[in-house]
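**Student:** To start, I am sharing the structure in question, which I have written as structure tokens.
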Amino acid sequence: MELLNLDVVREYGGALLQGLAITVVLTLIVIIIALVLAIPVALIRMSPIFLLRTIGSIYVEVIRGTPLLLQLAYIYYVMPGFGLNLDPLSAAVLGLSLNYTAYMSEVYRGGILAVPKHQWEAAATVGMTKAVAFYRIILPQALRIVTPTLGNYFISLFKDTALASVVTVQELTFTGQIISARSYQYFTIYTVTGILYLSVGYPAALFVRWLEKRADNSYRRKKPG
Amino acid sequence: MIELVDIHKSFGSAEVLRGINLSISVGEVVCIIGPSGSGKSTLLRCINFLEQPTSGTILIEGERAYYDHVGPVLKARPEKDIARVRRKLGMVFQDFALFPHLSAIGNVIEGQIYGLGIPRVEALQRASMMLERVGLTGHGDHYPAELSGGQKQRVAIARSLALSPKAMLFDEPTSALDPELVGEVLDVMKSLSGDGMTMVIVTHEMAFAREVADRVVFVDLGKIVEEGPPESVFDNPQNERTQTFLARIMRRS
């Protein structure tokens, strides 16, 4: 087994870091979109209106029933035939957002349903309409319930952005593939690529764990000391 | 103040209320007693429309409330109309149903601000008055999880009172409490009745009902079987089912 070839690292390190930057930016854009959009999708899935509920269900089931890789390829290679021409990065943002919104809407839905029914009733008895009750009473409690799960989705999205390579986004994995194929330095390039993923992914995991602790469900005053 | 006319309520094929007629006047304290599953909680929850009756009419302050009759169907009115009537009626739940993510004072101002639109400063003033009224001065910044059951229930009462309701509904307010905490909640309720508050109380506390109620209503199998002043219902029940129920209750205590 050879050791890391430092000359190769020096030569291609810049390109790999650029790939990492794209990976991080892609992750952040998609997680923000999905965190926000998944809430209305969850509400649509629980709507009293049959048609809305059905549309929501079809969306979620189509996304859950097909591979993310195929969804991305479909958006980038098939949709232009229907007049939707997207550059690689936009296609990746769209595909990943559609996918993660669907999954995360299910998480929100579970969280909202986990808030006891009496909370809705108590809100109604103090004069709130349903919309206000949702925003002021139900959502804050649901968010604490779903934080650990959403945190895990965040970490898994970070790694799933590698699939954007299928639509030629030069994120970290794709960059590593190109460079290693050109230089034949598979061991060095892929090892460095892995280290770069870990250098962001591990702190991100620590961040998620910290968030979970902060969002604990005990609802007590933070005791000093 | 509150009038129920021929209220029926079914859950699927189970008929829980079968023709309830009940009229409660201003300042009156009515205790509803009866075996579990008799429909007494459902009856209470119909008054503020947490349950929609299958048929019948509800009048609050002489006005038809919550829904209109369209042929045989009851059609709920727009949400705002329902909220407008509902906020005249405070409600206290068996399990407190406090908002766990808000402090005690937060619980008491929440409905004032986001239900009635009262400015925050005013709401805070009122909230501390209400907490004082239920004997919880100094507990404003405690979260529900940090309070005892009796304290939680008193916060819940303060939360309702802060909205200046015309009447208060209590759904077994002491059933979830440890025995030694029941008294503090009943004391607050007694003082409310002393102030002339209209109250409808579903309860198993017979001694309390005897002391505070103007009228006791015995419900069984979805019907009002017997009603009257506490002395007559408790000491001289006319109906056989009332007698059986009371005999069972009294033997226990």
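The values are calculated or read from the model by the stated rules, or taken from the named source; none is laboratory data. Please read these numbers as outputs of a predicted model, since none were measured by experiment. Here the Cβ is made from the backbone with ideal geometry for all residues, glycine too, and neighbour counts use every protein chain on show. Side chains are part of the model used for accessible areas, which takes the heavy atoms of the whole protein and leaves out ligands, DNA and RNA. Shrake-Rupley method; radii C 1.70, N 1.55, O 1.52, S 1.80 Å.
**Student:** Pop the C-beta distance of B:Val5 and A:Met46 into the FRET formula with R0 = 60 Å and round what comes out to the nearest 0.05. Could you put the intermediate results ahead of the total?
**Tutor:** Numbers: r = 34 Å, r/R0 = 0.57.
It comes to 0.95.
**Student:** What is the pair-distance distribution P(r) of the stretch A:129-225, computed from all Cα-Cα distances in 5 Å bins starting at 0, with each bin given as a whole percent?
**Tutor:** 2, 11, 15, 14, 13, 11, 9, 8, 7, 5, 3, 2, 0
**Student:** Continuing with the same structure: Need the C-alpha centroid separation for the stretch B:222-253 versus the stretch B:45-69, integer Å.
**Tutor:** When both Cα centres are located, 28 Å separates them.
**Student:** For a quick check: with amide H placed at 1.01 Å from N, whose amide H comes under 5 Å from B:Ile20's, ignoring anything fewer than 5 positions away on the same chain?
**Tutor:** Under 5 Å from the amide H of B:Ile20: B:Asp6, B:Ile7, B:His8.
**Student:** Give the average, rounded to an integer, of partner chain Cβ atoms located within 10 angstrom of each Cβ in B:89-102. List each step's numbers first, then the result.
**Tutor:** Working: counts 1, 2, 5, 2, 4, 1, 3, 2, 9, 4, 10, 11, 10, 4.
Counting other chains' Cβ atoms within 10 Å and averaging over B:89-102 gives 5.
**Student:** I've got another one for you. Any chance you could check the stretch B:139-161 for residues losing 50 Å² or more of accessible area when the partner protein chains are in, compared with the chain on its own (1.4 Å probe)?
**Tutor:** Output list: B:Ala145, B:Glu146.
**Student:** Let me ask something else about it. Give the Debye-formula value of log10 I(q)/I(0) at each listed q (0.14, 0.19, 0.20 Å⁻¹), with one equal scatterer per alpha carbon of the stretch B:133-253, two decimals each.
**Tutor:** Relative scattering, expressed as log10 I(q)/I(0), comes to -0.67, -1.08, -1.16.
**Student:** Okay, moving on. Are any of the pairs B:Lys88/B:Lys223; B:Lys88/B:Lys190; B:Lys80/B:Lys190 more than 31 Å apart by Cα-Cα distance, and if so, which? Intermediate results must be reported in sequence, preceding the final value.
**Tutor:** Details: B:Lys88/B:Lys223 26 Å; B:Lys88/B:Lys190 20 Å; B:Lys80/B:Lys190 33 Å.
The answer is B:Lys80/B:Lys190.
**Student:** Would you please give the residues with an amide H less than 5 Å from that of B:Met91, counting only those at least 5 places away or on a separate chain, with H modeled from the backbone geometry?
**Tutor:** When sequence neighbours closer than 5 places are left aside, the close amide H contacts are B:Leu169.
**Student:** Further, regarding this structure: How large is Rg/Rh for the stretch B:6-102, to two decimals, with Cα atoms and a Kirkwood Rh?
**Tutor:** Values: Rg = 14.3 Å, Rh = 14.8 Å.
Here the Rg-to-Rh quotient is 0.96.
**Student:** Now, a different point. Pairs of Cα atoms under 8 Å, at least six residues apart: use those to get the relative contact order of chain B, whole percent. Show your work: numbers first, answer last.
**Tutor:** Details: 456 pairs, mean separation 64.7, N = 253.
Dividing the mean separation by the residue count of chain B yields 26 percent.
**Student:** Taking just the alpha-carbon atoms of the protein assembly as shown, what radius of gyration and Dmax come out, in angstrom?
**Tutor:** Calculated on Cα positions, Rg and Dmax stand at 30.1, 101 Å.
**Student:** Would you mind checking the radius of gyration and Dmax of the stretch A:96-177 based on alpha-carbon positions, in Å?
**Tutor:** Radius of gyration, then largest Cα-Cα span, for the stretch A:96-177: 18.2, 60 Å.
**Student:** I would also like to ask the following. Ballpark to the nearest 100 Å², how much total accessible area do B and A bury together, probe 1.4 Å?
**Tutor:** The B and A chains share an interface burying roughly 2400 Å².
**Student:** Once phi is turned into ³J(HN,Hα) by the Karplus curve 6.51 cos²θ - 1.76 cosθ + 1.60 with θ = phi - 60°, what whole-Hz value does each residue of the stretch A:30-36 show in order, with x for glycine and proline?
**Tutor:** 5, 5, 5, 4, 5, 4, 7
**Student:** Would you compute, for the Cα atoms of chain A, the largest minus smallest coordinate along each principal axis and list the three values in descending order, in whole Å?
**Tutor:** 70, 59, 24
**Student:** Return the FRET efficiency for the residue pair A:Arg64, A:Ala204: r is the Cβ-Cβ distance, R0 is 35 Å, and the value is rounded to the nearest 0.05. Could the numbers behind the result be given before it?
**Tutor:** Working: r = 24 Å, r/R0 = 0.70.
The computed FRET efficiency comes out at 0.90.
**Student:** When ligands, DNA and RNA are left out and all protein chains stay put, how many square angstrom of accessible area per residue does the stretch A:82-224 have with a 1.4 Å probe? Before the final figure, lay out each step's value.
**Tutor:** Numbers: 6890 Å² over 143 residues.
Per-residue value: 48 Å².
**Student:** Using a Förster distance of 35 angstrom, determine the FRET efficiency expected from the C-beta separation of B:Ser13 and A:Leu143, and round it to 0.05.
**Tutor:** Working: r = 39 Å, r/R0 = 1.11.
After rounding, the FRET efficiency stands at 0.35.
**Student:** Can you pull the percent of chain A's accessible area that's carbon plus sulfur, 1.4 Å probe, other chains left in place?
**Tutor:** On the way: 8240 of 11930 Å².
Carbon plus sulfur share of accessible area: 69 percent.
**Student:** Output the DSSP H helices from chain B with an along-axis C-alpha extent of no less than 20 Å and a mean Kyte-Doolittle hydropathy no less than -0.5. Don't skip to the answer; put the middle values down first.
**Tutor:** Working: long enough: B:179-194 (23 Å, 0.47).
Taking the DSSP H segments of chain B (at least 20 Å long, mean hydropathy at least -0.5), we get B:179-194.
**Student:** Please quote Rg/Rh for chain B to two decimal places, taking the Kirkwood radius as Rh and restricting both calculations to Cα atoms.
**Tutor:** My calculation puts Rg/Rh at 0.97.
**Student:** Enter the mean number of other protein chain beta carbons within 10 Å of the beta carbon of each residue in A:113-125, as an integer.
**Tutor:** Values: counts 0, 0, 1, 3, 2, 7, 5, 2, 6, 15, 6, 11, 20.
What the average comes to for A:113-125 is 6.
**Student:** Here is a follow-up. Can you give the accessible area per residue of the stretch B:105-229, in Å², using a 1.4 Å probe? Please report the intermediate quantities before stating the final value.
**Tutor:** Numbers: 4650 Å² over 125 residues.
Spelled out: the 1.4 Å probe surface of the stretch B:105-229, per residue, equals 37 Å².
**Student:** Go through B:70-76, A:149-155, B:29-35 and give me the packing order, highest mean Cβ count within 10 Å leading.
**Tutor:** Values: B:70-76: 9.6, A:149-155: 18.9, B:29-35: 24.1.
So the order, starting with the most tightly packed, is B:29-35, A:149-155, B:70-76.
**Student:** Shielding by partners for A:126-135, please: the mean number of other protein chain Cβ atoms within 10 Å of each residue's Cβ. Could the numbers behind the result be given before it?
**Tutor:** Working: counts 20, 15, 10, 7, 2, 1, 5, 2, 0, 1.
For peptide A:126-135, the averaged partner shielding equals 6.
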